[in-house]
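Have a look at the structure below before the remarks.
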Amino acid sequence: MSFDEIIDRYKDAIFRMVYMHIGDFHKAEDITQEIFIKIFKNLSKFRGDSSIFTWIYKITINTISTYAKRSRTMADMLSVDYMEDLPDDDWDEEKLIEGLQNSSVISLIQRLPDKYKEVLILYYYQDLKVEDICSIINEPQGTIKSKLHRGRNMLKDMLLKEGVSNG
Amino acid sequence: MDRFDKEFKDKLNMELRDIRLSEEVILRIHEQVNKEKKFCFKDVLVGFLNYEIKLPYGTCVAAVALAAFLGISSFTVTDKDIASFMNRNIIEITEYWEEAH
């Protein structure tokens, strides 16, 4: 695949991933540009050990993580996961769906801790399976499943607290 | 995926629909790529040295510079070289005149 084809195919997907992580449109544009330059510089070294989209998303996630680490505030570093592990069927589904209609899901994702954000974006937006997410983030399946579960619970908690009261 | 997941995914895709990378940024990417292409030879060399034969770029430059210096030194023309060249030609010319006359 040529570089121009990669831009055509992945430009919006990468930009949206960055935007969901960063939350700032102009910074997201700059980071997307940086990602494409990295892709261009490394394209000749891509040996096809993984699929091209796994390779591209790896570069994307690494670049976003580097930026996130640089700009992390003291408050972010001190934040703790406040969610307890609730089983999936403990949630009131009707209220969650109602909350979804009244909320901006992008802003909910943006408020999650980075480690959950990246997994949820790959799962919900890129529609990837857990195995694919493992190969992109380089973590075992158990860790990814746990992050997915906890991140999803955080989203549900926010939806119930804010989405329902907004509506 | 359960019902929540499906609804969440649909809502997310709907919100993201109008978020697109601007043409201006795409132009900037192409401009930067063109600039990078100008340095392509160096990148290829660095890539080859680092990834294929695991030799640092600086070491290679130093080795080439040393080889060039030694090569030039061995071809330096000294006064002695000029003197022997001239003497040889004088002898050849003298021999020619002696034969001709």
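The values are calculated or read from the model by the stated rules, or taken from the named source; none is laboratory data. All values derive from a computational prediction rather than experimental measurement. Here the Cβ is made from the backbone with ideal geometry for all residues, glycine too, and neighbour counts use every protein chain on show.
In segment A:35-56, the qualifying residues are those that are touching a residue at least 24 places away in the same chain (Cβ under 8 Å) and among the aliphatic types (A, V, I, L, M), and the one that is farthest from the other protein chains (Cβ to nearest Cβ) is A:Ile52.
Criterion first (charged (D, E, K, R), within 16 Å of A:Val105 (Cβ to Cβ) and at pLDDT below 90) does B:Arg17 satisfy it? For B:Arg17, the condition - charged (D, E, K, R), within 16 Å of A:Val105 (Cβ to Cβ) and at pLDDT below 90 - is not met.
Against the test of being more than 7 Å from every other protein chain (Cβ to nearest Cβ) and either of a type outside the set (S, T, N, Q) or in a helix (DSSP H, G or I) (or both), the options B:Glu24, B:Glu7, B:Glu15, B:Glu36 yield a single qualifying residue, B:Glu24.
Need a quick list: helices (runs of 4 or more DSSP H) entirely within segment A:66-167 having at least 3 residues that are at pLDDT 90 or above and more than 14 Å from A:Met17 (Cα to Cα).
In segment A:66-167, A:130-137, A:141-158 are the helices (runs of 4 or more DSSP H) which contain 3 or more residues that are at pLDDT 90 or above and more than 14 Å from A:Met17 (Cα to Cα).
Within segment A:97-115, if we keep just the residues that are farther than 23 Å from A:Pro140 by Cα and of a type outside the set (S, T, N, Q), the residue that is farthest from the other protein chains (Cβ to nearest Cβ) turns out to be A:Arg111.
Which residues, counting only those in segment A:116-155, are touching a Gly at 6+ places or on another chain (Cβ under 8 Å) and either within 11 Å of chain B (Cβ to nearest Cβ) or without any contact (Cβ under 8 Å) to a residue 40 or more places away in the chain (or both)? The answer is A:Tyr116, A:Val119, A:Leu120.
For the structure I just gave you, tell me whether A:Thr32 is within 14 Å of chain B (Cβ to nearest Cβ), among the β-branched types (Val, Ile, Thr) and either within 21 Å of A:Leu122 (Cα to Cα) or part of a helix (DSSP H, G or I) (or both). Against the criterion (within 14 Å of chain B (Cβ to nearest Cβ), among the β-branched types (Val, Ile, Thr) and either within 21 Å of A:Leu122 (Cα to Cα) or part of a helix (DSSP H, G or I) (or both)), A:Thr32 qualifies.
Residue-level analysis places A:Lys41 among those that are loosely packed, with under 15 Cβ neighbours inside 10 Å and outside any loop (DSSP other than H, G, I, E, B). Could you tell me whether segment B:65-73 includes any residue that is at pLDDT below 90, more than 22 Å from the chain's Cα centre (by Cα) and more than 10 Å from every other protein chain (Cβ to nearest Cβ)? Within segment B:65-73, one or more residues are at pLDDT below 90, more than 22 Å from the chain's Cα centre (by Cα) and more than 10 Å from every other protein chain (Cβ to nearest Cβ). Each residue in segment A:1-12 was checked for being more than 8 Å from chain B (Cβ to nearest Cβ) and buried (at least 17 other Cβ atoms within 10 Å of the Cβ), and 2 of them qualify.
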